[in-house]
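Please read the structure below before turning to the comments.
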Amino acid sequence: MSGFAIVVKELEKTYKSYRRGKGFLQALKSLFKRETVYSQALKGINFSIHRGEIVGFVGPNGAGKSTTIKILSGVLFPSSGSVDVIGFVPWLQRTKYVANIGAVFGQKSQLWWDIPPVDSFYLSKGIYKIPDTEFEKRLETMSTILKVKEVMHRPTRDLSLGERMKCEFIMALLHNPQVLFLDEPTIGVDALAKEEIREFLLQINKNYKTTVILTTHDMEDIEELCKRIIIIDDGTIIFDGSLNDIKEKYLTCKTVDFQFTSVKDKRKLASLLKKGIVLENKKWFKSVRFEKEQVNVPKVVDELIKCCNIIDFTVHESRLEHVIKEIYRQRQK
């Protein structure tokens, strides 16, 4: 048995669409002759994911994340290249394949809206032919960890977003899939529910060796769950390595966050801000990143205190979110 759950080689996807001009005449003309437009979403990407890994798959909007996940889950055909997920070619063996994977998409629900989640769970039991003993054991374990033993008996439409998303995870994992695809699974969820979901995922991964590929814009999810991150941009993988690797490569700076009530010297403040990269620029709050090799950060902080009436400030390593943004910014230059 291969040690890899997912192997992707030279994967390409090109979308075909049509373009026409504006107005009625152009619309009429397009009925007989249309200009074909091709858009390459994936440009020959390669990566492998070991069984039992939790990997963050991130990138800006339009980078190719969703296209990749749809191909991996068997929803889309690629234009070329190969994909092996736990021994299956997803789009060719979909019927057998879907019994071995799970998915949670933050914008789509697997639960029936007008019935309690527990009824949806029993429907899943029948669809996947889960044995009674295994079903009851897994349902008891997961509902206890996620603290939904009571709420799962209420209609789905009456649940809060956090409660519903917890039940979505149970629905996706009841049949014990080998691979779990997550697409923005905690979007809009409150901080407490996020923490509980993260702990749940870590425990499921530990107990069942479930391979997880997570796409999200929430870098806290990535930092809490993943040891490895794959960054895709414009259909090309631009980084594939551990979180420690990306921090060593890009965290050569300090970020200063400061909140203030007034400015004593506007010219001086503008000069100090130019020494770094302004990450957040609100009226009474600034977050600025300074390269440690180029700027004496303690001296800058001292000068900021002199030119502003600061009520709060912190100095810290740049957050992963800011590092990712900077990588995108460098790619656009």
TODO: Could you pull out the residue among PHE290, PHE313, PHE258 that is at pLDDT 95 or above, under 31 Å from the mean Cα position of the chain (by Cα) and closer than 25 Å to GLU223 by Cβ?
DONE: PHE258
- [ ] Working only within region 119-131, note down all residues that are open to solvent by less than 100 Å² (accessible area, probe 1.4 Å) and among the charged types (D, E, K, R).
- [x] ASP119, LYS125
TODO: With the condition kept exactly as written, say whether any residue in region 178-185 is under 29 Å from SER124 (Cβ atoms) and in contact with a Leu (Cβ under 6 Å, 6 or more places away or on another chain).
DONE: yes
Task: Selection from region 15-41 of residues that are closer than 30 Å to LEU72 by Cβ and touching a helix residue (DSSP H, G or I) at 6+ places or on another chain (Cβ under 6 Å) - done: ALA41
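For every residue, the table says whether it meets (1) open to solvent by 80 Å² or more (accessible area, probe 1.4 Å); (2) touching a residue at least 60 places away in the same chain (Cβ under 8 Å); (3) within 20 Å of the chain's Cα centre (by Cα).
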| position | (1), (2), (3) |
| --- | --- |
| GLU12 | no, yes, no |
| PHE32 | yes, no, no |
| VAL37 | no, no, no |
| SER66 | no, yes, yes |
- [ ] Scan region 121-157 for residues that are farther than 21 Å from TYR97 by Cα, in contact (Cβ under 8 Å) with a residue 40 or more places away in the chain and of a type outside the set (Lys, Arg) and jot them down.
- [x] MET142, ILE145, LEU146, PRO155, THR156
Open item on the list: Among the numbered criteria (1) open to solvent by 80 Å² or more (accessible area, probe 1.4 Å); (2) among the β-branched types (Val, Ile, Thr); (3) touching a helix residue (DSSP H, G or I) at 6+ places or on another chain (Cβ under 6 Å), which one does VAL263 miss?
Closed with: (1)
TODO: Of the numbered conditions (1) of a type outside the set (D, E, K, R); (2) at pLDDT below 95; (3) in contact with a helix residue (DSSP H, G or I) (Cβ under 6 Å, 6 or more places away or on another chain), LEU192 fails exactly one; give the number of that condition.
DONE: (3)
- [ ] Could you grab me the full set of residues in region 68-85 that are assigned to a loop (DSSP other than H, G, I, E, B) and open to solvent by 30 Å² or more (accessible area, probe 1.4 Å)?
- [x] VAL75, LEU76, PHE77, SER79
- [ ] Report, by residue number, each residue of region 160-174 that is at pLDDT below 95 and in a loop (DSSP other than H, G, I, E, B).
- [x] SER160
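Look through region 86-118, keep the residues that are outside any loop (DSSP other than H, G, I, E, B) and open to solvent by 70 Å² or more (accessible area, probe 1.4 Å), and return whichever of them is modelled with the highest pLDDT. So that I can check it myself, show each step before the final result.
Step one: of region 86-118, the residues outside any loop (DSSP other than H, G, I, E, B) are 88, 94-105, 117-118.
Still in the running and open to solvent by 70 Å² or more (accessible area, probe 1.4 Å): 94-96.
On the way: ARG94: 89, THR95: 88, LYS96: 92.
Applying the filter and picking the extreme gives LYS96.
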Task: region 4-51 - residue that is in contact with a strand residue (DSSP E or B) (Cβ under 6 Å, 6 or more places away or on another chain) and part of a loop (DSSP other than H, G, I, E, B) and, of those, modelled with the highest pLDDT - done: ARG51
Task: Index of the failed condition, GLU303 passing every other in (1) open to solvent by less than 70 Å² (accessible area, probe 1.4 Å); (2) of a type in the set (D, E, K, R); (3) in contact with a strand residue (DSSP E or B) (Cβ under 8 Å, 6 or more places away or on another chain) - done: (3)
Open item on the list: Looking at ILE187, ILE246 in this structure, which one is closer than 19 Å to LEU146 by Cβ and either touching a residue at least 40 places away in the same chain (Cβ under 8 Å) or not aliphatic (A, V, I, L, M) (or both)?
Closed with: ILE187
Open item on the list: Cβ-Cβ under 7 Å, sequence separation 6+ or interchain: first residue in region 312-333 and within 20 Å of THR215 (Cα to Cα), partner in a helix (DSSP H, G or I) and modelled with pLDDT of 75 or more. Which pairs?
Closed with: ARG319/MET219; LEU320/MET219; LEU320/ILE222; LEU320/GLU223; GLU321/MET219; VAL323/ILE246; ILE324/MET219
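The values are calculated or read from the model by the stated rules, or taken from the named source; none is laboratory data. All figures in this text were calculated on a predicted structure; none of them were measured in a lab. Because the Cβ atoms are built from the backbone with ideal geometry, glycine has one as well, and the counts that use them run over all protein chains shown. These area figures cover heavy atoms from the full protein model, side chains too; ligands, DNA and RNA do not enter into them. Shrake-Rupley method; radii C 1.70, N 1.55, O 1.52, S 1.80 Å.
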